[in-house]
Amino acid sequence: MRSHTAEPSLPPPGSTPEPPSHTRRFGRERPATAGARAALQRLADHVNVRAVVLLRVTVGIIFLGFGVLKLFPSASPAEQLAVDAATKMTLGLVPETVLLLSLAALETAIGIGLIAGGRLLRPALVAFFLHMGGVFSTLVLLPDAMWQPHSPAPTMEGQYVVKNVVLVAVCLVVAADAWGSGSRSSRRPESTDRAASGRRS
């Protein structure tokens with residue numbers, strides 16, 4: 001009996017062997033991965049360039065929304081807390097309605113200033129930091145409402161106040177950018193004048 005062995009078929013001379021299927025699959029995935037990385041890099045560059053504007057407008061929207069809520073009775077969950085703290089700060093000499101409207105106007109103005117930027121930005125930042133001083137004073141002025149009894153843990157209202165450290169940090173970044181760019185621009189004329197006077201002499 002003859003033994004039949006299958007000989008491997010060789011490609012004709014001059015032809016290029018076809019790569020395995022897994023090689024073709026990986027080859028198709030590499031451009032897609034590179035494209036995704038390039039898209040992420042473009043997004044990161046876009047956010048990096050506009051990071052300060054994004055932070056500023058976001059905080060401005062938050063303040064504008066909270067300020068507008070205080071214009072409607074019982075619409076804001078922090079309404080009574082803010083009024084109680086403001087009443088203690090003013091020694092009860094200002095009516096609650098006036099205090100609430102004043103807080104609403106202040107927060108709305110801060111929000112508009114942060115969103116608009118430009119010349120309104122610096123007054124808005126000053127008002128923001130002064131307002132945050134009053135907000136954090138509630139941790140001392142209203143201890144029964146801010147802290148759990150026999151525990152250093154804050155209550156729900158206390159947590160509402162403490163989380164504002166994030167907004168303070170954001171506005172510190174915005175203020176550093178705004179005041180830093182202003183100081184740099186104010187130094188440019190001085191250096192230019194010195195250079196001009198040096199050339200004249």
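The values are calculated or read from the model by the stated rules, or taken from the named source; none is laboratory data. Computed from a prediction, not measured in an experiment: that's the story for all the values here. Cβ placement follows ideal geometry from the backbone for every residue including glycine, while neighbour counts extend to all protein chains displayed. Accessible surface areas use protein heavy atoms only, side chains included; no ligands, DNA or RNA. Shrake-Rupley method; radii C 1.70, N 1.55, O 1.52, S 1.80 Å.
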Selection status of L130, farther than 19 Å from L54 by Cβ and open to solvent by 70 Å² or more (accessible area, probe 1.4 Å): yes
Looking only at the range 47-59, which residues are of a type in the set (D, E, K, R) and open to solvent by 70 Å² or more (accessible area, probe 1.4 Å)? R50
Scan the range 57-75 and tell me whether some residue there is part of a helix (DSSP H, G or I) and at pLDDT below 80. no
So which residues in the range 144-158 are open to solvent by 60 Å² or more (accessible area, probe 1.4 Å) and part of a helix (DSSP H, G or I), if there are any at all? D144, M156, E157
Only one of A32, A39, A86 is in a helix (DSSP H, G or I), of a type outside the set (F, W, Y) and modelled with pLDDT of 80 or more, namely A86
Going through (1) open to solvent by less than 80 Å² (accessible area, probe 1.4 Å); (2) within 23 Å of V59 (Cα to Cα); (3) in contact with a helix residue (DSSP H, G or I) (Cβ under 6 Å, 6 or more places away or on another chain) one by one, V162 fails only at (3)
Which numbered condition in (1) at pLDDT 90 or above; (2) surrounded by fewer than 14 Cβ atoms within 10 Å (Cβ to Cβ) is the only one that V135 fails? (2)
Six or more apart or on different chains, Cβ under 8 Å: which pairs go from a residue in the range 162-182 that's among the hydrophobic types (A, V, I, L, M, F, W, C) to one that's not in a helix (DSSP H, G or I)? Could you list them? V162/P154
If I filter the range 90-99 down to residues being assigned to a helix (DSSP H, G or I) and either polar (S, T, N, Q) or touching a Ser or Thr at 6+ places or on another chain (Cβ under 7 Å) (or both), which single residue comes out as farthest from G158 (Cα to Cα)? T97
Conditions: (1) modelled with pLDDT under 90; (2) charged (D, E, K, R); (3) under 30 Å from R50 (Cα atoms). R122 meets all but one. Number of the miss? (1)
Does R2 meet the test of being open to solvent by 100 Å² or more (accessible area, probe 1.4 Å) and modelled with pLDDT of 60 or more? no
Name the single residue that is surrounded by the most Cβ atoms within 10 Å (Cβ to Cβ) among those in the range 60-119 being without any contact (Cβ under 8 Å) to a residue 40 or more places away in the chain and of a type in the set (K, R). K70
